[in-house]
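Colleague: Sharing a structure with you now.
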Amino acid sequence: RNEREGVYWQPFTANRLLRANMEARTLVSAKGAYYTTSEGNKVFDTLSGLWCTPLGHAHPRIVEAVRKQAETLDFAPCFQLTHPGAISLAERIADLAPQEMNHVFFANSGSEAVDTALKVALGYHRIKGAGNRFRMIGRERGYHGVGFGGMSVGGIVSNRKMFAAGMMPGVDHLRHTYEPQHMAFTRGQPTWGTHRAEDLVRLVTLHDASTIAAVIVEPVQGSTGVIVPPVGYLQRLREICTANGILLIFDEVITGFGRMGENFGAQRFGVTPDIITFAKAVTNGIVPMGGVIVTDEIYNTFMTGPENAIEFCHGYTYSGHPMAAAVGHVVLDVMREEGLVARVRELEPVLEDAIHSLKDLDVIADIRNIGLTAGIDFKPVDGKPGARGLALFEAGLRNGLLLRCTGDTVSFGPPFISTAQELRDMVSTLRKLISQMG
Ligand code: PMP
(Lines give C-alpha, C1' and ligand atoms only; values in the text may rest on other atoms or scores of the structure.)
Protein backbone atom coordinates (compact mmCIF):
# COMPACT_ATOMS: atom_id res chain seq x y z
CA ARG A 1 0.00 0.00 0.00
CA ASN A 2 1.29 3.39 -0.98
CA GLU A 3 -0.44 5.64 1.51
CA ARG A 4 1.78 7.43 3.95
CA GLU A 5 1.27 5.94 7.39
CA GLY A 6 -1.49 7.73 9.27
CA VAL A 7 -2.09 10.50 6.74
CA TYR A 8 -5.67 9.44 6.47
CA TRP A 9 -7.16 9.60 9.97
CA GLN A 10 -10.45 7.76 10.36
CA PRO A 11 -13.14 8.56 12.92
CA PHE A 12 -13.36 6.48 16.09
CA THR A 13 -9.65 5.63 16.20
CA ALA A 14 -10.36 2.66 13.98
CA ASN A 15 -7.10 3.03 12.09
CA ARG A 16 -5.31 0.17 13.74
CA LEU A 17 -8.16 -2.15 12.90
CA LEU A 18 -8.59 -0.71 9.46
CA ARG A 19 -5.00 -0.98 8.38
CA ALA A 20 -5.09 -4.70 8.97
CA ASN A 21 -7.77 -5.09 6.36
CA MET A 22 -8.03 -1.87 4.40
CA GLU A 23 -8.69 -3.43 1.02
CA ALA A 24 -11.77 -5.37 2.05
CA ARG A 25 -13.16 -2.26 3.77
CA THR A 26 -12.77 0.20 0.93
CA LEU A 27 -15.97 0.97 -0.95
CA VAL A 28 -15.45 1.97 -4.56
CA SER A 29 -18.90 2.29 -6.08
CA ALA A 30 -22.61 2.09 -5.29
CA LYS A 31 -25.81 1.56 -7.23
CA GLY A 32 -29.32 1.07 -5.86
CA ALA A 33 -29.23 -0.93 -2.64
CA TYR A 34 -25.69 -2.26 -3.16
CA TYR A 35 -22.10 -1.17 -2.66
CA THR A 36 -19.09 -2.71 -4.37
CA THR A 37 -15.87 -3.11 -2.37
CA SER A 38 -12.40 -2.73 -3.84
CA GLU A 39 -12.13 -6.53 -3.77
CA GLY A 40 -15.11 -6.65 -6.12
CA ASN A 41 -17.65 -7.89 -3.56
CA LYS A 42 -21.18 -6.62 -4.10
CA VAL A 43 -22.75 -6.03 -0.69
CA PHE A 44 -26.35 -5.21 0.30
CA ASP A 45 -26.50 -1.86 2.08
CA THR A 46 -28.26 -2.92 5.28
CA LEU A 47 -28.10 0.56 6.90
CA SER A 48 -28.73 2.81 3.86
CA GLY A 49 -25.19 4.17 4.15
CA LEU A 50 -25.43 5.63 7.64
CA TRP A 51 -29.27 5.75 7.68
CA CYS A 52 -29.12 8.34 4.92
CA THR A 53 -29.81 6.78 1.48
CA PRO A 54 -33.44 5.59 1.52
CA LEU A 55 -33.75 5.87 -2.28
CA GLY A 56 -30.60 3.82 -2.88
CA HIS A 57 -27.41 5.01 -4.53
CA ALA A 58 -26.86 6.83 -7.83
CA HIS A 59 -30.54 7.55 -8.34
CA PRO A 60 -30.67 8.89 -11.92
CA ARG A 61 -32.99 11.77 -11.06
CA ILE A 62 -30.74 12.90 -8.24
CA VAL A 63 -27.64 12.66 -10.42
CA GLU A 64 -29.38 14.79 -13.04
CA ALA A 65 -30.60 17.34 -10.46
CA VAL A 66 -27.05 17.74 -9.10
CA ARG A 67 -25.65 18.37 -12.57
CA LYS A 68 -28.39 20.83 -13.49
CA GLN A 69 -28.18 22.75 -10.23
CA ALA A 70 -24.38 23.00 -10.45
CA GLU A 71 -24.77 24.62 -13.85
CA THR A 72 -27.55 26.98 -12.74
CA LEU A 73 -26.73 28.19 -9.22
CA ASP A 74 -24.03 26.35 -7.34
CA PHE A 75 -23.93 28.60 -4.27
CA ALA A 76 -25.99 31.39 -2.77
CA PRO A 77 -25.08 33.22 0.45
CA CYS A 78 -27.78 32.73 3.07
CA PHE A 79 -27.14 35.94 5.01
CA GLN A 80 -29.57 38.66 3.84
CA LEU A 81 -30.07 36.58 0.67
CA THR A 82 -31.69 33.36 -0.37
CA HIS A 83 -32.73 31.40 -3.47
CA PRO A 84 -36.02 29.88 -4.62
CA GLY A 85 -35.02 26.25 -3.98
CA ALA A 86 -34.45 26.83 -0.27
CA ILE A 87 -37.76 28.64 0.21
CA SER A 88 -39.81 26.04 -1.60
CA LEU A 89 -38.01 23.13 0.11
CA ALA A 90 -38.71 24.70 3.51
CA GLU A 91 -42.39 24.89 2.55
CA ARG A 92 -42.46 21.26 1.52
CA ILE A 93 -40.71 20.07 4.67
CA ALA A 94 -43.10 22.11 6.81
CA ASP A 95 -46.02 20.51 4.95
CA LEU A 96 -44.76 17.07 5.96
CA ALA A 97 -44.39 18.03 9.62
CA PRO A 98 -47.21 18.13 12.21
CA GLN A 99 -49.71 20.88 11.52
CA GLU A 100 -48.51 23.55 13.91
CA MET A 101 -44.86 23.21 12.82
CA ASN A 102 -44.43 25.51 9.84
CA HIS A 103 -40.95 27.04 9.94
CA VAL A 104 -37.62 25.57 8.87
CA PHE A 105 -34.08 26.70 9.64
CA PHE A 106 -31.44 24.91 7.55
CA ALA A 107 -28.10 23.54 8.74
CA ASN A 108 -25.78 20.98 7.13
CA SER A 109 -25.71 17.93 9.35
CA GLY A 110 -27.38 16.26 12.25
CA SER A 111 -24.88 17.70 14.70
CA GLU A 112 -25.50 21.21 13.41
CA ALA A 113 -29.26 20.64 13.48
CA VAL A 114 -29.03 19.64 17.15
CA ASP A 115 -26.91 22.65 18.09
CA THR A 116 -29.38 24.84 16.20
CA ALA A 117 -32.30 23.31 18.12
CA LEU A 118 -30.59 23.91 21.48
CA LYS A 119 -29.84 27.51 20.53
CA VAL A 120 -33.42 28.07 19.35
CA ALA A 121 -34.66 26.76 22.70
CA LEU A 122 -32.37 29.08 24.69
CA GLY A 123 -33.22 32.04 22.45
CA TYR A 124 -36.93 31.39 22.75
CA HIS A 125 -36.92 31.46 26.54
CA ARG A 126 -34.69 34.49 26.59
CA ILE A 127 -37.05 36.48 24.35
CA LYS A 128 -39.94 35.32 26.52
CA GLY A 129 -38.18 36.80 29.52
CA ALA A 130 -37.36 33.39 30.96
CA GLY A 131 -33.61 33.62 30.41
CA ASN A 132 -32.95 31.65 33.58
CA ARG A 133 -34.16 28.56 31.71
CA PHE A 134 -30.70 27.36 30.77
CA ARG A 135 -30.79 23.66 31.57
CA MET A 136 -31.08 20.94 28.95
CA ILE A 137 -32.25 17.41 29.59
CA GLY A 138 -31.07 14.59 27.33
CA ARG A 139 -31.40 10.85 27.85
CA GLU A 140 -29.06 8.00 28.66
CA ARG A 141 -28.11 6.12 25.47
CA GLY A 142 -29.17 9.13 23.37
CA TYR A 143 -26.99 10.17 20.42
CA HIS A 144 -27.19 13.73 19.17
CA GLY A 145 -24.00 14.18 17.18
CA VAL A 146 -20.52 15.35 17.99
CA GLY A 147 -20.87 19.12 18.37
CA PHE A 148 -20.40 20.39 21.92
CA GLY A 149 -24.16 20.81 22.29
CA GLY A 150 -25.01 17.38 20.94
CA MET A 151 -22.26 15.71 22.94
CA SER A 152 -23.44 17.42 26.12
CA VAL A 153 -27.04 16.28 25.81
CA GLY A 154 -25.99 12.91 24.38
CA GLY A 155 -26.10 9.98 26.72
CA ILE A 156 -22.98 8.12 25.60
CA VAL A 157 -20.28 8.80 28.16
CA SER A 158 -17.41 7.45 26.04
CA ASN A 159 -18.16 10.04 23.35
CA ARG A 160 -17.58 12.95 25.65
CA LYS A 161 -15.19 11.96 28.41
CA MET A 162 -12.10 13.28 26.61
CA PHE A 163 -13.86 16.63 26.10
CA ALA A 164 -15.38 17.05 29.56
CA ALA A 165 -13.94 20.56 29.90
CA GLY A 166 -16.10 21.80 27.02
CA MET A 167 -19.46 20.39 28.03
CA MET A 168 -22.47 22.69 28.31
CA PRO A 169 -23.35 23.59 31.90
CA GLY A 170 -26.63 22.51 33.42
CA VAL A 171 -27.24 19.34 31.44
CA ASP A 172 -28.88 16.31 33.01
CA HIS A 173 -30.13 13.05 31.54
CA LEU A 174 -33.29 11.00 31.82
CA ARG A 175 -32.86 7.33 32.58
CA HIS A 176 -32.96 5.20 29.45
CA THR A 177 -35.96 2.96 28.83
CA TYR A 178 -34.12 -0.20 27.90
CA GLU A 179 -34.24 -3.14 30.30
CA PRO A 180 -33.76 -6.42 28.42
CA GLN A 181 -35.06 -8.54 31.29
CA HIS A 182 -38.47 -6.90 30.84
CA MET A 183 -38.62 -6.38 27.09
CA ALA A 184 -36.24 -8.66 25.20
CA PHE A 185 -37.46 -9.83 21.78
CA THR A 186 -40.36 -7.35 21.71
CA ARG A 187 -41.87 -6.73 18.29
CA GLY A 188 -42.48 -2.99 17.84
CA GLN A 189 -43.17 -0.87 20.91
CA PRO A 190 -42.65 -2.47 24.33
CA THR A 191 -45.37 -2.08 26.92
CA TRP A 192 -42.84 -2.15 29.77
CA GLY A 193 -41.01 1.08 30.58
CA THR A 194 -43.68 3.79 30.20
CA HIS A 195 -43.07 4.72 33.85
CA ARG A 196 -39.52 5.75 32.97
CA ALA A 197 -41.04 9.04 31.71
CA GLU A 198 -41.70 9.89 35.36
CA ASP A 199 -37.96 10.36 35.67
CA LEU A 200 -38.60 13.75 34.08
CA VAL A 201 -40.77 14.67 37.07
CA ARG A 202 -37.79 13.84 39.29
CA LEU A 203 -35.47 16.12 37.25
CA VAL A 204 -38.06 18.89 37.09
CA THR A 205 -38.35 18.78 40.89
CA LEU A 206 -34.61 18.47 41.42
CA HIS A 207 -33.62 21.35 39.18
CA ASP A 208 -36.79 23.47 39.49
CA ALA A 209 -38.88 23.62 36.32
CA SER A 210 -38.20 27.32 35.84
CA THR A 211 -34.52 26.60 35.11
CA ILE A 212 -35.13 23.99 32.38
CA ALA A 213 -35.13 25.09 28.74
CA ALA A 214 -35.72 21.87 26.83
CA VAL A 215 -35.83 18.10 26.80
CA ILE A 216 -34.24 16.44 23.77
CA VAL A 217 -34.85 12.81 22.81
CA GLU A 218 -34.70 10.66 19.72
CA PRO A 219 -38.19 9.15 19.32
CA VAL A 220 -36.36 5.86 18.61
CA GLN A 221 -32.75 5.76 19.78
CA GLY A 222 -30.97 4.85 16.57
CA SER A 223 -27.23 4.92 16.99
CA THR A 224 -27.34 2.93 20.22
CA GLY A 225 -29.13 0.06 18.55
CA VAL A 226 -32.79 0.87 17.77
CA ILE A 227 -34.23 1.34 21.24
CA VAL A 228 -37.98 1.66 20.71
CA PRO A 229 -39.99 3.92 23.06
CA PRO A 230 -42.44 2.14 25.36
CA VAL A 231 -46.11 2.73 24.55
CA GLY A 232 -47.17 6.11 25.97
CA TYR A 233 -43.64 7.14 26.99
CA LEU A 234 -43.26 10.04 24.53
CA GLN A 235 -46.83 11.21 25.26
CA ARG A 236 -45.99 11.41 28.94
CA LEU A 237 -42.80 13.41 28.27
CA ARG A 238 -44.95 15.80 26.22
CA GLU A 239 -47.43 16.22 29.08
CA ILE A 240 -44.72 16.92 31.64
CA CYS A 241 -42.94 19.41 29.35
CA THR A 242 -46.18 21.26 28.57
CA ALA A 243 -47.16 21.43 32.24
CA ASN A 244 -43.79 22.97 33.10
CA GLY A 245 -43.16 25.37 30.19
CA ILE A 246 -40.30 23.18 28.90
CA LEU A 247 -39.73 22.77 25.15
CA LEU A 248 -39.70 19.24 23.76
CA ILE A 249 -37.20 18.53 20.97
CA PHE A 250 -37.44 15.37 18.89
CA ASP A 251 -34.13 14.56 17.25
CA GLU A 252 -35.45 12.98 14.05
CA VAL A 253 -32.16 12.79 12.18
CA ILE A 254 -32.78 9.05 11.71
CA THR A 255 -36.55 8.76 12.21
CA GLY A 256 -37.45 11.66 9.88
CA PHE A 257 -38.54 11.40 6.25
CA GLY A 258 -40.39 8.13 6.26
CA ARG A 259 -38.20 5.68 8.16
CA MET A 260 -40.97 5.10 10.73
CA GLY A 261 -43.62 4.59 8.04
CA GLU A 262 -44.88 8.16 8.62
CA ASN A 263 -43.29 11.44 7.57
CA PHE A 264 -41.78 11.87 11.02
CA GLY A 265 -41.59 9.88 14.24
CA ALA A 266 -43.81 12.63 15.68
CA GLN A 267 -46.69 11.32 13.58
CA ARG A 268 -45.84 7.67 14.09
CA PHE A 269 -46.00 8.10 17.86
CA GLY A 270 -48.76 10.71 17.81
CA VAL A 271 -46.79 13.35 19.73
CA THR A 272 -46.08 16.88 18.49
CA PRO A 273 -42.83 18.30 19.85
CA ASP A 274 -41.88 22.00 19.73
CA ILE A 275 -38.79 21.42 17.61
CA ILE A 276 -37.85 18.63 15.21
CA THR A 277 -34.29 18.17 14.00
CA PHE A 278 -33.67 16.49 10.64
CA ALA A 279 -30.73 15.61 8.36
CA LYS A 280 -29.53 12.45 6.55
CA ALA A 281 -32.40 11.19 4.35
CA VAL A 282 -33.55 14.64 3.25
CA THR A 283 -30.77 14.65 0.66
CA ASN A 284 -30.36 10.87 0.32
CA GLY A 285 -26.75 11.08 1.48
CA ILE A 286 -25.47 12.75 -1.66
CA VAL A 287 -24.87 16.25 -0.32
CA PRO A 288 -25.11 17.23 3.35
CA MET A 289 -28.16 19.00 4.72
CA GLY A 290 -29.81 19.26 8.11
CA GLY A 291 -32.15 21.62 9.87
CA VAL A 292 -34.85 22.22 12.41
CA ILE A 293 -38.61 22.59 12.09
CA VAL A 294 -40.25 24.74 14.75
CA THR A 295 -43.77 25.59 15.83
CA ASP A 296 -45.54 28.78 14.86
CA GLU A 297 -45.29 29.82 18.53
CA ILE A 298 -41.48 29.64 18.48
CA TYR A 299 -41.13 31.33 15.11
CA ASN A 300 -43.54 34.11 16.03
CA THR A 301 -41.65 34.72 19.25
CA PHE A 302 -38.41 35.23 17.35
CA MET A 303 -40.23 37.57 14.96
CA THR A 304 -41.83 39.77 17.63
CA GLY A 305 -39.33 42.49 16.90
CA PRO A 306 -36.49 42.92 14.47
CA GLU A 307 -33.99 42.98 17.33
CA ASN A 308 -34.92 39.39 18.31
CA ALA A 309 -34.40 38.02 14.83
CA ILE A 310 -31.12 39.86 14.50
CA GLU A 311 -29.88 38.84 17.93
CA PHE A 312 -30.36 35.21 16.97
CA CYS A 313 -26.89 35.33 15.54
CA HIS A 314 -26.71 31.84 14.15
CA GLY A 315 -26.31 30.33 10.70
CA TYR A 316 -23.87 28.41 8.55
CA THR A 317 -22.15 29.41 5.30
CA TYR A 318 -23.87 26.50 3.61
CA SER A 319 -27.33 26.82 5.23
CA GLY A 320 -29.96 25.96 2.62
CA HIS A 321 -27.27 25.21 0.05
CA PRO A 322 -28.68 25.27 -3.51
CA MET A 323 -27.23 21.84 -4.33
CA ALA A 324 -28.77 20.32 -1.20
CA ALA A 325 -32.08 22.06 -1.80
CA ALA A 326 -32.21 20.76 -5.38
CA VAL A 327 -31.58 17.22 -4.18
CA GLY A 328 -34.08 17.63 -1.32
CA HIS A 329 -36.79 18.44 -3.86
CA VAL A 330 -36.03 15.31 -5.89
CA VAL A 331 -35.98 13.15 -2.76
CA LEU A 332 -39.42 14.42 -1.76
CA ASP A 333 -40.71 14.05 -5.34
CA VAL A 334 -39.54 10.45 -5.60
CA MET A 335 -40.84 9.57 -2.13
CA ARG A 336 -44.28 10.95 -3.04
CA GLU A 337 -44.48 9.59 -6.60
CA GLU A 338 -43.30 6.13 -5.63
CA GLY A 339 -45.27 6.02 -2.39
CA LEU A 340 -42.14 5.16 -0.42
CA VAL A 341 -43.49 6.04 3.01
CA ALA A 342 -46.37 3.63 2.46
CA ARG A 343 -43.83 1.12 1.20
CA VAL A 344 -42.01 1.36 4.53
CA ARG A 345 -45.29 0.44 6.21
CA GLU A 346 -45.57 -2.59 3.91
CA LEU A 347 -41.98 -3.65 4.51
CA GLU A 348 -42.13 -3.20 8.29
CA PRO A 349 -43.88 -6.55 8.99
CA VAL A 350 -41.60 -8.29 6.48
CA LEU A 351 -38.48 -7.06 8.26
CA GLU A 352 -40.10 -7.75 11.64
CA ASP A 353 -40.95 -11.38 10.83
CA ALA A 354 -37.62 -12.02 9.17
CA ILE A 355 -35.43 -10.51 11.87
CA HIS A 356 -37.35 -12.08 14.76
CA SER A 357 -36.98 -15.48 13.09
CA LEU A 358 -33.37 -15.37 14.32
CA LYS A 359 -34.60 -15.61 17.92
CA ASP A 360 -33.64 -19.28 18.23
CA LEU A 361 -29.93 -18.54 17.68
CA ASP A 362 -28.28 -19.06 21.00
CA VAL A 363 -25.75 -16.25 20.73
CA ILE A 364 -28.43 -13.58 20.32
CA ALA A 365 -29.45 -11.66 23.45
CA ASP A 366 -32.16 -9.44 21.96
CA ILE A 367 -33.92 -8.42 18.74
CA ARG A 368 -35.89 -5.17 18.33
CA ASN A 369 -37.64 -3.45 15.41
CA ILE A 370 -39.89 -0.59 14.35
CA GLY A 371 -40.57 1.08 10.99
CA LEU A 372 -37.78 0.05 8.64
CA THR A 373 -35.24 -0.29 11.43
CA ALA A 374 -34.09 -3.19 13.57
CA GLY A 375 -31.40 -4.01 16.12
CA ILE A 376 -29.80 -7.24 17.26
CA ASP A 377 -27.62 -7.68 20.36
CA PHE A 378 -25.16 -10.54 20.77
CA LYS A 379 -24.28 -12.08 24.09
CA PRO A 380 -20.73 -11.08 25.03
CA VAL A 381 -18.08 -13.79 24.59
CA ASP A 382 -16.36 -14.70 27.91
CA GLY A 383 -17.52 -11.41 29.38
CA LYS A 384 -15.67 -9.49 26.64
CA PRO A 385 -18.01 -7.30 24.58
CA GLY A 386 -17.71 -6.71 20.86
CA ALA A 387 -16.09 -9.86 19.51
CA ARG A 388 -19.12 -11.21 17.66
CA GLY A 389 -20.03 -7.85 16.15
CA LEU A 390 -16.61 -7.42 14.58
CA ALA A 391 -16.47 -11.00 13.31
CA LEU A 392 -19.92 -10.65 11.75
CA PHE A 393 -18.98 -7.37 10.09
CA GLU A 394 -15.94 -8.99 8.47
CA ALA A 395 -17.89 -12.06 7.40
CA GLY A 396 -20.65 -9.86 5.97
CA LEU A 397 -18.26 -7.98 3.71
CA ARG A 398 -17.20 -11.26 2.09
CA ASN A 399 -20.70 -12.66 1.89
CA GLY A 400 -22.83 -9.90 0.45
CA LEU A 401 -23.78 -7.76 3.45
CA LEU A 402 -22.51 -4.37 4.55
CA LEU A 403 -23.41 -4.41 8.25
CA ARG A 404 -23.34 -1.73 10.93
CA CYS A 405 -21.90 -3.44 13.98
CA THR A 406 -21.10 -1.41 17.09
CA GLY A 407 -19.82 -3.56 19.91
CA ASP A 408 -22.27 -6.43 20.27
CA THR A 409 -25.07 -4.58 18.51
CA VAL A 410 -26.00 -4.75 14.84
CA SER A 411 -28.32 -2.02 13.52
CA PHE A 412 -30.44 -2.28 10.39
CA GLY A 413 -32.09 0.44 8.33
CA PRO A 414 -32.27 -0.83 4.75
CA PRO A 415 -33.19 1.45 1.84
CA PHE A 416 -36.91 2.01 1.21
CA ILE A 417 -36.40 0.66 -2.31
CA SER A 418 -35.43 -2.77 -0.90
CA THR A 419 -37.69 -5.61 -1.98
CA ALA A 420 -39.30 -7.95 0.52
CA GLN A 421 -37.13 -10.71 -0.94
CA GLU A 422 -33.95 -8.71 -0.36
CA LEU A 423 -34.88 -8.28 3.30
CA ARG A 424 -35.56 -12.01 3.66
CA ASP A 425 -32.30 -12.83 1.86
CA MET A 426 -30.43 -10.46 4.17
CA VAL A 427 -31.76 -12.34 7.18
CA SER A 428 -31.02 -15.78 5.63
CA THR A 429 -27.43 -14.71 5.06
CA LEU A 430 -27.27 -13.41 8.62
CA ARG A 431 -28.51 -16.75 9.96
CA LYS A 432 -25.83 -18.56 8.00
CA LEU A 433 -23.05 -16.21 9.08
CA ILE A 434 -24.09 -16.11 12.73
CA SER A 435 -24.41 -19.92 12.83
CA GLN A 436 -20.92 -20.30 11.34
CA MET A 437 -19.50 -17.85 13.85
CA GLY A 438 -20.55 -19.90 16.86
N1 PMP B 1 -28.74 13.02 15.88
C2 PMP B 1 -29.06 11.75 15.62
C3 PMP B 1 -30.31 11.17 16.17
C4 PMP B 1 -28.21 10.98 14.81
O5 PMP B 1 -28.53 9.70 14.56
C6 PMP B 1 -27.05 11.56 14.28
C7 PMP B 1 -26.10 10.77 13.39
N8 PMP B 1 -26.14 9.41 13.47
C9 PMP B 1 -26.77 12.88 14.60
C10 PMP B 1 -27.63 13.60 15.39
C11 PMP B 1 -25.53 13.56 14.07
O12 PMP B 1 -25.63 13.70 12.72
P13 PMP B 1 -24.32 14.04 11.84
O14 PMP B 1 -23.43 12.85 11.91
O15 PMP B 1 -24.87 14.32 10.46
O16 PMP B 1 -23.70 15.26 12.43
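Colleague: Are any residues in segment 46-73 among the basic types (Lys, Arg) and either in a loop (DSSP other than H, G, I, E, B) or within 25 Å of the chain's Cα centre (by Cα) (or both), and if so, which ones? If you could, list the steps in order and put the result at the bottom.
Modeller: Just the residues of segment 46-73 that are among the basic types (Lys, Arg), to begin with: 61, 67-68.
Within segment 46-73, just Arg61 meets the criteria.
Colleague: Return yes or no: is Thr46 among the hydroxyl-bearing types (Ser, Thr, Tyr), in contact (Cβ under 8 Å) with a residue 40 or more places away in the chain and within 16 Å of the ligand (Cβ to nearest atom)?
Modeller: Details: among the hydroxyl-bearing types (Ser, Thr, Tyr): yes; in contact (Cβ under 8 Å) with a residue 40 or more places away in the chain: yes; within 16 Å of the ligand (Cβ to nearest atom): yes.
So Thr46 passes the test.
Colleague: If you don't mind, another one. Against the condition touching a His at 6+ places or on another chain (Cβ under 9 Å) and either more than 22 Å from Lys128 (Cβ to Cβ) or assigned by TED's automatic domain parsing to the domain that holds Asn369 (or both), how does Val253 come out, does it pass? Lay out the reasoning, then the answer.
Modeller: On the way: touching a His at 6+ places or on another chain (Cβ under 9 Å): yes; either more than 22 Å from Lys128 (Cβ to Cβ) or assigned by TED's automatic domain parsing to the domain that holds Asn369 (or both): yes.
Taking the combined requirement at face value, the residue satisfies it.
Colleague: Does segment 359-378 hold any residues that are surrounded by fewer than 19 Cβ atoms within 10 Å (Cβ to Cβ) and under 25 Å from the mean Cα position of the chain (by Cα), and which are they?
Modeller: Of segment 359-378, the ones surrounded by fewer than 19 Cβ atoms within 10 Å (Cβ to Cβ) are 359-363, 365.
Once the filter is applied, which keeps residues that are surrounded by fewer than 19 Cβ atoms within 10 Å (Cβ to Cβ) and under 25 Å from the mean Cα position of the chain (by Cα), segment 359-378 yields only Ala365.
Colleague: Then there is this: For the structure I just gave you, tell me whether Leu73 is in contact with a Leu (Cβ under 8 Å, 6 or more places away or on another chain) and modelled with pLDDT of 95 or more.
Modeller: Numbers: in contact with a Leu (Cβ under 8 Å, 6 or more places away or on another chain): no; modelled with pLDDT of 95 or more: yes.
Against the criterion (in contact with a Leu (Cβ under 8 Å, 6 or more places away or on another chain) and modelled with pLDDT of 95 or more), Leu73 does not qualify.
Colleague: Please work out which one of (1) touching a residue at least 60 places away in the same chain (Cβ under 8 Å); (2) within 16 Å of the ligand (Cβ to nearest atom) is the condition Glu252 fails and give its number.
Modeller: (1)
Colleague: Hey, another quick one. Any residue that is free of Cβ contacts under 8 Å to residues at least 40 places away in the same chain, under 19 Å from the mean Cα position of the chain (by Cα) and surrounded by 18 or more Cβ atoms within 10 Å (Cβ to Cβ) - is there at least one of those in segment 221-233?
Modeller: We begin by selecting, within segment 221-233, every residue free of Cβ contacts under 8 Å to residues at least 40 places away in the same chain; these are 232.
If we keep only those that are under 19 Å from the mean Cα position of the chain (by Cα) too, we end up with none.
The answer is no, given that none of the residues of segment 221-233 is free of Cβ contacts under 8 Å to residues at least 40 places away in the same chain, under 19 Å from the mean Cα position of the chain (by Cα) and surrounded by 18 or more Cβ atoms within 10 Å (Cβ to Cβ).
Colleague: Do you know which of the residues in segment 270-297 that are away from the ligand (no atom under 15 Å from the Cβ) and outside any loop (DSSP other than H, G, I, E, B) is farthest from Leu89 (Cα to Cα)? Spell out how you get there, then give the answer.
Modeller: If we filter segment 270-297 for residues that are away from the ligand (no atom under 15 Å from the Cβ), which is where we start, we get 270-272, 274, 294-297.
When the remaining residues are screened for being outside any loop (DSSP other than H, G, I, E, B), the result is 294-297.
Numbers: Val294: 15, Thr295: 17, Asp296: 18, Glu297: 21 Å.
Top of the filtered list is Glu297.
Colleague: I'd like to know if segment 226-249 contains one or more residues that are acidic (Asp, Glu), more than 15 Å from the ligand (Cβ to nearest atom) and touching a helix residue (DSSP H, G or I) at 6+ places or on another chain (Cβ under 8 Å). It would help to see each step written out before you state the result.
Modeller: So the first thing to find is which residues in segment 226-249 are acidic (Asp, Glu), and the list is 239.
Among the residues that remain, those that are also more than 15 Å from the ligand (Cβ to nearest atom) are: 239.
Still in the list and also touching a helix residue (DSSP H, G or I) at 6+ places or on another chain (Cβ under 8 Å): none.
No; the residues of segment 226-249 include none that is acidic (Asp, Glu), more than 15 Å from the ligand (Cβ to nearest atom) and touching a helix residue (DSSP H, G or I) at 6+ places or on another chain (Cβ under 8 Å).
Colleague: For segment 134-151, give me each residue that is more than 9 Å from the ligand (Cβ to nearest atom) and within 25 Å of Val282 (Cβ to Cβ).
Modeller: Taking segment 134-151 first, the residues more than 9 Å from the ligand (Cβ to nearest atom) are 134-141, 148-149, 151.
Matches in segment 134-151: Met136, Gly138, Arg139, Arg141, Phe148, Gly149, Met151.
Colleague: Checking Ala97 against (1) crowded, with 21+ Cβ neighbours inside 10 Å; (2) within 16 Å of Asn284 (Cβ to Cβ); (3) more than 16 Å from the ligand (Cβ to nearest atom), only one condition comes out false. Which one?
Modeller: (2)
Colleague: Could you list all residues from segment 132-152 that are assigned to a helix (DSSP H, G or I) and under 15 Å from the mean Cα position of the chain (by Cα)?
Modeller: Applying the first criterion (assigned to a helix (DSSP H, G or I)) to segment 132-152 yields 148-152.
The answer is Gly150, Met151.
Colleague: What helices (runs of 4 or more DSSP H) completely inside segment 298-356 contain at least 3 residues that are buried (at least 21 other Cβ atoms within 10 Å of the Cβ) and under 23 Å from the mean Cα position of the chain (by Cα)?
Modeller: On the way: elements: 306-311, 322-337, 340-356.
Ranges flagged: 322-337, 340-356.
Colleague: Hey, can you tell me all the residues within segment 110-133 that are in contact with a Lys or Arg (Cβ under 9 Å, 6 or more places away or on another chain), within 16 Å of the ligand (Cβ to nearest atom) and more than 13 Å from Val294 (Cβ to Cβ)?
Modeller: Scanning segment 110-133 gives a single hit, Gly110.
Colleague: Another question about this same structure. From the list Phe79, Phe163, Phe106, which one is surrounded by fewer than 15 Cβ atoms within 10 Å (Cβ to Cβ) and within 16 Å of the ligand (Cβ to nearest atom)? Don't jump to the end; show me each part of the working.
Modeller: Details: Phe79 fails: within 16 Å of the ligand (Cβ to nearest atom); Phe106 fails: surrounded by fewer than 15 Cβ atoms within 10 Å (Cβ to Cβ).
Within the list Phe79, Phe163, Phe106, the selection yields Phe163.
Colleague: Tell me which residues, restricted to segment 255-265, are within 14 Å of the ligand (Cβ to nearest atom), more than 11 Å from the chain's Cα centre (by Cα) and within 25 Å of Gly85 (Cβ to Cβ).
Modeller: Of everything in segment 255-265, just one residue is within 14 Å of the ligand (Cβ to nearest atom), more than 11 Å from the chain's Cα centre (by Cα) and within 25 Å of Gly85 (Cβ to Cβ), namely Phe264.
The values are calculated or read from the model by the stated rules, or taken from the named source; none is laboratory data. As the structure is a prediction and not an experimental result, all values here were calculated from the model. For neighbour counting, all protein chains shown are included, and Cβ atoms are generated from backbone atoms with ideal geometry for every residue, glycine included.
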